[in-house]
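A.B. asks: Below is the structure I would like to discuss, written out as C-alpha cells.
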Amino acid sequence: MSIDPSRIEIAFDPRRQRMAGISAHGLMSFDVPFISEITDNLWLGGCEDGLVLPEFIGHLVSLYPWEQYTVKHDLDSRLEVRMYDQTNQAMDQVDAIASWVNTCRRGAPTLVHCQAGLNRSSLVAARALVLEGMSADEAITLIREKRSPACLCNPAFERWLREPPA
C-alpha cells in the first residue's frame, strides 16, 4: 500500500461527531454525539466501524461487537459482551458488567458503548451508578439529561432498572 505524500493530520473527535436516527423503541428521534460524558470517568455512546477512540479513554466496554472503534493507544482494559436491544434480553450479566465499569472508572475514563448509546449502554451505565448509591430515578434522569431523552426507551430496560429482581 502506498502512502499519500500530501496527507495531512486530521483530528476526529467522537465528542463532536454526531449520529442521528429514530429509536427502535418508542420511535423517538435522537441527534447525539458518538460519546457523551455522564459523570466522572463515565462515558456513554455508540459506535461506527473505524471511528477512532479518543486517547483519554482508558477502558472500553463494548456491548455491540458488530462494529468496533479503531484503537490507536494502549487501553487499560477492553471488555466485549454481546447484548441485544430487545425487550426479552436476559439481564443476568448486567450487574457484573456494571460492577466492572465501576472498578474501571476508579482508575481511568471508561466508555460503555453499544450501537447508538441509547439502551444497552445506558442500562449498564445506569446500573453502575445505582450500584454506587444513586437511585434508579436519579441515574435515568442523569443519563437522559447528559445523553438524550431517548435513552432507556426500551421499556424492559427501564423497568428492570426501577425494579430489579431480588
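What follows draws every value from the coordinates through simple rules; no lab data is involved. This one's a predicted model, so the numbers in the text were calculated from it and none came from an experiment. Cβ: placed from backbone, ideal geometry, glycine included. Neighbour counts: every protein chain shown.
A.B. asks: How far is helix 94-105 tilted off the main Cα axis of the chain, in degrees rounded to 10, range 0 to 90?
C.D. replies: Compared with the principal axis, the helix lies near 50 degrees.
A.B. asks: Quick check: convex hull over the Cα atoms of segment 104-166, volume per residue in Å³, rounded to an integer?
C.D. replies: 88 Å³
A.B. asks: So what's the back-of-envelope 222 nm ellipticity for the chain, counting only DSSP H runs of four-plus at -39500 (n - 2.57) apiece and dividing by all residues, rounded to 500?
C.D. replies: -8000 deg cm²/dmol
A.B. asks: Is any residue of segment 28-47 close enough, with backbone N under 19 Å, to a label point placed 7 angstrom from the Cα of ARG144 along the Cα-Cβ axis, and if so, which?
C.D. replies: Within reach of a label on ARG144, which here means backbone N under 19 Å from a point 7 Å along Cα→Cβ, segment 28-47 contributes 28-33, 36-39, 44-45.
A.B. asks: Over segment 32-162, what is the mean sequence separation of C-alpha contacts under 8 Å (at least six apart), divided by residue count, expressed as relative contact order in percent?
C.D. replies: Once normalised by length, the contact order is 30 percent.
A.B. asks: Test of understanding: what is the full-extension gain from THR70 to GLU37, defined as 0.36 nm times their sequence separation minus their Cα-Cα distance?
C.D. replies: This chain segment gains 9.9 nm when fully extended.
A.B. asks: Would you work out which of THR39, VAL130, PRO155 lies farthest towards the positive end of the dipole of segment 32-162? Charges go on Cβ: Lys and Arg +1, Asp and Glu -1.
C.D. replies: The one lying farthest along the dipole's positive direction is PRO155.
A.B. asks: Can you put TYR84, TYR69 in order, fewest other beta carbons within 10 Å first?
C.D. replies: So the ranking, lowest neighbour count to highest, is TYR84, TYR69.
A.B. asks: Treat the chain as a sphere of radius equal to its Kirkwood radius over Cα pairs and apply Stokes-Einstein at 37 °C in a medium of 0.692 mPa s; give the translational diffusion coefficient in µm²/s, rounded to a whole number.
C.D. replies: Rounded to a whole number, D works out at 204 µm²/s.
A.B. asks: For the ranges 36-47, 132-143, what's the packing order if you count other beta-carbon atoms within 10 Å of each residue, average per peptide, and put the highest first?
C.D. replies: Packing order, densest peptide first, comes out as 36-47, 132-143.
A.B. asks: Out of all DSSP beta bridges in the chain, what portion is antiparallel? Express it as a percent rounded to 5.
C.D. replies: Of those bridges, close to 40 percent are antiparallel.
A.B. asks: Please report PHE12, PHE34 as a ranked list, fewest other C-beta atoms within 10 angstrom at the top and most at the bottom.
C.D. replies: PHE12, PHE34
A.B. asks: Right, here's the next one. Restricting everything to alpha-carbon atoms, can you work out Rg to Rh for segment 23-120 with a Kirkwood hydrodynamic radius?
C.D. replies: Rg divided by Rh gives 0.95.
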